[in-house]
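Readers should treat all values here as calculations from the given coordinates under stated rules, not as data from a laboratory. Nothing here was measured: the structure is a model prediction, and the numbers come from that model. FYI the Cβ positions are ideal-geometry reconstructions off the backbone, even for glycines, and counts take in every protein chain you see.
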């Protein structure tokens, strides 16, 4: 049960966004730019970063919805999503993405955990300054989104079909408009 009177029937972050639309707009825009707009990392790779950080924060809604978006970028295949959540260093992703996931995991623990060696390691696999920047910002933003969702005790349904549909929509259209209708 949510800690405050959130709109009923809206899962996860959607209920917080509906409760206070003026704060939802910039939060949606940030997610859209980081996860959906063109960048040197694919949208699927960026969704994997969001999923990994959310799994480390134990946020069921975010790790499942963004995992579904990452899977949607892989024709509905959850294999990489499950591998990254379990252990990014043995997942079937590039060495560059593994090094960026290491950085994301350290940001999740606390920004000062990221070291010059972590950055050099990512660069050794071809990570650009933009990719490093966006990885850090995705990780930091998802710490905020995860705490927002869980700190309000939002409703987090368990129906995998709801998340699959949400993931397809997010992968196709992004984050500027609500993904779930009441």
Choice from 139, 50, 31 showing the highest fluctuation, given a GNM over the chain with Cα pairs closer than 10 Å = 31
Once both axes come from the Cα atoms, what is the angle between helix 60-72 and the longest principal axis of the chain, in degrees from 0 to 90, rounded to 10?
-> 70
Counting only C-alpha contacts under 8 Å and six or more residues apart, can you give the relative contact order of the chain as a whole percent?
-> 37
0 to 90° range, to nearest 10: angle between helix 43-56 axis and the chain longest Cα axis | 80
How do 106, 8 line up, fewest other C-beta atoms within 10 Å first?
-> 8, 106
Note the angle between two axes, namely the Cα long axis of helix 160-173 and the longest principal axis of the Cα atoms of the chain, as a number of degrees from 0 to 90, rounded to the nearest 10.
-> 70
Go from 0 up to the bin containing the longest alpha carbon distance in the stretch 19-173, width 5 Å each, and give me the % of pairs per bin.
-> 2, 10, 20, 24, 23, 13, 6, 3, 0
Rank these for me by crowding, 166, 144, going from fewest to most other beta carbons within 10 Å.
-> 144, 166
Residue separation between residue 112 and residue 172 times 0.36 nm, minus their alpha-carbon distance, gives in nm 18.1 nm
Give the order of 52, 175, 148 when sorted by the count of other beta carbons within 10 angstrom, beginning with the fewest.
-> 148, 175, 52
If the chain between residue 22 and residue 128 were fully stretched, how many nm would it gain, using 0.36 nm times the residue separation less the Cα-Cα distance?
-> 34.8 nm
Provide, as a two-decimal number, the C-alpha radius of gyration of the stretch 1-84 over 2.2 N^0.38 Å, N being how many residues it has.
-> 1.17
Stretch residue 75-residue 32 to full length: gain in nm at 0.36 nm per residue minus the Cα-Cα span?
-> 13.4 nm
